[in-house]
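See below for the structure under consideration.
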Amino acid sequence: MSSVPFGVARLDSILEGGAPPGSVVLLAGESGAGAREFLYTSAAMNALGRTDEELFDLYYGDLPGDATIPPEVHYLSFTAGEAALTREMGYTLAEEVVDAAAEGIEFRDLSPEFFQLSPIPREWYEGETTTIADLSDHGRYDDVLTAFGDYLTEHAAGNVVCIDSVTDLVSAASDDMEWSDVAMVMKGLKKAATGWQGLILVLVNEDALTDREFGTLMDAAGGTLQFTWESGGSKRARTMFVREFRGVLSRLEEENIVRFETEVHDGGFDISDVRKIR
């Protein structure tokens, strides 16, 4: 069975393809330590493999092992639309990569559903493009978890789906949406993903969660990539390690790999060095 590439060139090469199909992977860690850059790179490179093979070859290279580019890439955000996200991606990847990749990414802005029960003015999250038809729909938005689930049911099978971010859902937990609802959706996502046979990447800011909440999310995912800052001398470096990942962690343990040093360049997030048990 073909692997689904993460879109991070050296990591995919080390794993001889990428992630096992049907995986739900948490990208968790400290703010700015690389989890978001990893998500942007995964979305961009998997899309670029379909929209511009020449640029894909330049910035990523050959697909390793049995990896196969997915038919579609979907990016779901609870607080931002396509314009804001592509602008942010431009801080991580070369402009030509973002422009070409954006043509192959389906963005789903869930901010109307997410913010509908908040005191935030509607104009803040619907922008200047609101039409008369939009106004007639005010007050009839689906519940955010329902809209989220319906979109995945329709689009996740066989594809890469980037979710930005579960931390937003956790912070919104209230009388209308409890933490237990978020946890249950994540557990259901893990079960459904096995049948969908794609790759679902879930961004989460560990700083915003309690240990119990983070443990629950880890349990509801097939794998967890953890991103941290390390200080040594006068430099501060980003590192990543595989905290848990069935079908992947065992392969790294066989090669005695304990941690990855990472970097961000024009091709996005990548591995700069591998730390092994000496």
Would you point out the residue of the range 141-154, among those that are part of a helix (DSSP H, G or I) and among the acidic types (Asp, Glu), that is modelled with the highest pLDDT?
GLU154
For ALA157, all conditions in the list (1) surrounded by fewer than 21 Cβ atoms within 10 Å (Cβ to Cβ); (2) part of a helix (DSSP H, G or I) hold save one; what is the number of the exception?
(2)
Within the range 31-57, which residues are of a type in the set (Asp, Glu) and crowded, with 24+ Cβ neighbours inside 10 Å?
GLU37
Can you confirm whether LEU201 is in contact with a strand residue (DSSP E or B) (Cβ under 6 Å, 6 or more places away or on another chain) and more than 23 Å from TYR40 (Cβ to Cβ)?
no
Does PHE260 fit the bill of being surrounded by 15 or more Cβ atoms within 10 Å (Cβ to Cβ), over 17 Å from the mean Cα position of the chain (by Cα) and closer than 22 Å to ALA67 by Cβ?
yes
Scanning the range 82-99 for residues that are in a loop (DSSP other than H, G, I, E, B) and not small (Gly, Ala, Ser), the one farthest from the chain's Cα centre (by Cα) turns out to be TYR91
Any idea how many residues of the range 208-241 are under 16 Å from ILE271 (Cα atoms), surrounded by 14 or more Cβ atoms within 10 Å (Cβ to Cβ) and out of contact with any Gly (no Cβ under 7 Å at 6 or more places or on another chain)?
5
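The values are calculated or read from the model by the stated rules, or taken from the named source; none is laboratory data. Bear in mind the structure is a predicted one, so any value in this text is a computation, not a measurement. Note that we place each Cβ from the backbone using ideal geometry, even for glycine, and neighbour counts take in every protein chain shown.
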